[in-house]
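Since the structure comes first, as structure tokens, the remarks are kept for the end.
The values are calculated or read from the model by the stated rules, or taken from the named source; none is laboratory data. Computed from a predicted structure; not experimentally measured. Please note: Cβ atoms are built from the backbone with ideal geometry, for glycine as well, and neighbour counts cover all protein chains shown. Heavy atoms of the whole protein, side chains included, go into the accessibility calculation; ligands, DNA and RNA do not. Shrake-Rupley method; radii C 1.70, N 1.55, O 1.52, S 1.80 Å.
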Amino acid sequence: MNLKHDVRSVARHFQIHGGFLSAEPYGSGHINDTYCVVFDQGGVRVRYVLQRINHNIFKNPVALMENIQRVTTHLGKKSAGHSDQSRRVLTLIPTRDGLAYHRDAEGNIWRAYIFIEQARTFDAVESAAQAYKAAQAFGQFQKMLADLPAPRLHDTIPDFHHTPKRYAALEQAIQADAANRVRLAQPEIEFALRHQAICRVLLDAHLPERVTHNDTKFNNVMLDDTTGEGICVIDLDTVMPGLALYDFGDMVRTTTSPAKEDERDLSEVTMQFPMFEALARGYLSSAAEFLTPAEKKLLPFSGKLITFEIGLRFLTDFLAGDVYFKVHRDGHNLDRCRTQFKLVESITQQEEQMDKLVASL
Ligand code: ADP
Ligand code: GN1
Ligand code: MG
């Protein structure tokens, strides 16, 4: 297979022994380039994850890697002594120079991780038990990072979840109409305009700043093949100061509908109440002890807001000509926007019931 990068040469810079066997693109992330690399170590095939950080999006990858090092070291201390520690926390493999990353001749920044075996990610949720386990793991992640020693983590993408600024970016994209696509997205643009009023709710609620993950998509937690446990939270590029509700909201967005994020049959896209209940219960099993009453009350709303926000971002990127998220077909970002807005509607229809449930927990 012809790869976009010379992964074999990149791998040579990391402290990985044995003979290189193969490399292939891996996962379905929208941002970085992820490869699974296989080495022969004394007759045993050992896999590693090699990732190129998208530095068009992450403008300061060195600061980002400093965050990841601090976070994984802190988490590592908390699970020290666990027999499968290297499956419970992402473990960076240093370069031969002892650094956390390698810069190649083109200026790309690469990192390597131990491959988490006997676990996998899912692009769409399959059962309430999975939803519970994923939410429990993300809640535990926030809990373990509550005592991360100072200084404050770097903001790897400033204002990442600042919904009003995301809305303003959409307005600009409509104005610029850089790809001449405004005419193709009238219903979606109107949907966005109708919902502008919700953008400020979380910011105006004066909630506490915490260390949060900020990208708690269902496929950013590895579930153990045997126990189903959310064994390891991955994709740590956006771990930075944020609101607990950004994380819960993104769980609702990605872990309640049976459909994939880019499903074209919108009748498949729906907020399944039992999944929401499992998420709320799983998250609270880890987070109840530190959440304030105001945070808890806004759990259902956060699902609607973050779903709306990511919908805004997909729509903005569609109008701008697909410059941010990876796309694999024409109209891909518009399809993604449509699923998000459909899910917002489904959440709105069930919001009262969701509020009642959370109040009872
Ligand atoms: P992106 O930022 O592009 O989403 P991720 O870090 O989420 O990249 O990685 C993409 C996919 O690769 C994940 O969804 C997961 O399936 C797989 N993956 C990432 N890190 C590991 C790891 N350490 N072990 C096993 N699989 C991994
Ligand atoms: C991106 O990296 P990935 O694919 O897990 C994006 C998230 C979006 C998500 C939508 C840094 O996440 O914010 O919610 O796509 N990450 C970044 O699927 O923008
Ligand atoms: Mg990911």
Point to revise | Whole-Hz ³J(HN,Hα) from phi, Karplus 6.51 cos²θ - 1.76 cosθ + 1.60, for the range 192-201, glycine and proline x | key: 4, 4, 5, 9, 3, 4, 7, 4, 8, 4
Exercise for review: Quick one: net charge around Ile93, please, counting Lys, Arg +1 and Asp, Glu -1 for every other residue with C-beta under 14 Å from its C-beta.
Suggested key: +3
Check your understanding: Under the Karplus relation 6.51 cos²θ - 1.76 cosθ + 1.60, θ = phi - 60°, what is the ordered set of whole-Hz ³J(HN,Hα) values for the range 49-57, x standing for Gly and Pro?
Key -> 9, 10, 10, 8, 6, 6, 7, 6, 9
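Could you give the semi-axes, largest first, of the ellipsoid that matches the range 267-336, computed as the square roots of 5 times the alpha carbon gyration tensor eigenvalues and rounded to whole Å?
Values: eigenvalues 198, 42, 20 Å².
Over the Cα atoms of the range 267-336, the semi-axes work out to 31, 14, 10 Å.
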Revision key, fill the gap. Between the Cα axis of helix 61-78 and the main Cα principal axis of the chain, the angle (0 to 90°, nearest 10) is 80 degrees
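I'd like the carbon and sulfur percentage of the solvent accessible area for the chain, probe radius 1.4 Å, heavy atoms only, ligands and nucleic acids excluded.
Details: 8010 of 16220 Å².
On the chain, the fraction of accessible area on carbon and sulfur atoms equals 49 percent.
Where Lys and Arg each count +1 and Asp and Glu each count -1, what net charge lies around Thr316 among other residues with Cβ under 10 Å from its Cβ? List each step's numbers first, then the result.
Working: positive: Arg166, Arg313; negative: Glu171, Asp317.
Every neighbour counted, the sum reads 0.
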Exercise for review: Quick one: angle between helix 163-176 and the longest Cα principal axis of the chain, in degrees between 0 and 90, rounded to 10, please.
Suggested key: 80 degrees
Study note, to complete from the structure: Nearest 10, in degrees from 0 to 90: the angle of helix 332-360 to the longest Cα principal axis of the chain is 70 degrees
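By the scheme Lys and Arg +1, Asp and Glu -1, what is the net charge of all other residues having a beta-carbon under 11 Å from that of Ser79?
Neighbour charge sum, excluding Ser79 itself: +3.
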Revision key, fill the gap. Mean-square fluctuation maximum in Gaussian network of the chain, Cα pairs under 10 Å, restricted to Ala100, Ala197, Ala320, hits Ala197
Practice item. Using only alpha carbon pairs under 8 Å that are at least six residues apart, calculate the relative contact order of the chain and give it in whole percent. Key: 18 percent
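Taking a threshold of 29 Å on the Cα-Cα distance, which of the pairs Lys326/Lys356; Lys4/Lys78; Lys165/Lys297 fall above it?
On the way: Lys326/Lys356 38 Å; Lys4/Lys78 38 Å; Lys165/Lys297 24 Å.
Over 29 Å Cα-Cα: Lys326/Lys356; Lys4/Lys78.
Divide by every residue of the chain the summed helix terms, -39500 (n - 2.57) for each DSSP H run of at least 4, and state the resulting mean residue ellipticity at 222 nm, rounded to the nearest 500 deg cm²/dmol.
On the way: 12 runs with 155 residues, N = 361.
Dividing the helical sum by the residues of the chain leaves -13500 deg cm²/dmol.
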Point to revise | Under 5 Å, built H, 5+ apart or other chain: amide partners of Ser22 | key: Val38
Revision key, fill the gap. Residue-ordered couplings for the range 91-96, obtained by feeding phi - 60° into the Karplus form 6.51 cos²θ - 1.76 cosθ + 1.60 and rounding to whole Hz (Gly and Pro as x), are 10, 6, 9, x, 6, 5
Study note, to complete from the structure: Taking a ≥ b ≥ c as the square roots of the eigenvalues of the Cα gyration tensor, with a/c under 1.5 meaning rounded and otherwise prolate when a/b exceeds b/c and oblate if not, the range 7-117 is oblate
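Working from the pairwise distances between different alpha carbons, so that the mean of 1/r is found and then inverted, what is the chain's Kirkwood radius in Å?
Details: mean 1/r = 0.0472 Å⁻¹.
Averaging 1/r across every pair of different Cα atoms and inverting gives 21.2 Å.
Kindly rank 350-356, 165-171, 31-37 from highest to lowest mean number of other beta carbons found within 10 Å of each residue.
Values: 350-356: 14.9, 165-171: 18.0, 31-37: 19.6.
Highest-to-lowest ranking by the protection proxy: 31-37, 165-171, 350-356.
Find the accessible area per residue for the range 7-117; the probe is 1.4 Å, ligands and nucleic acids are left out, and the unit is Å². Intermediate values should be presented prior to the final figure.
Details: 5370 Å² over 111 residues.
Spelled out: the 1.4 Å probe surface of the range 7-117, per residue, equals 48 Å².
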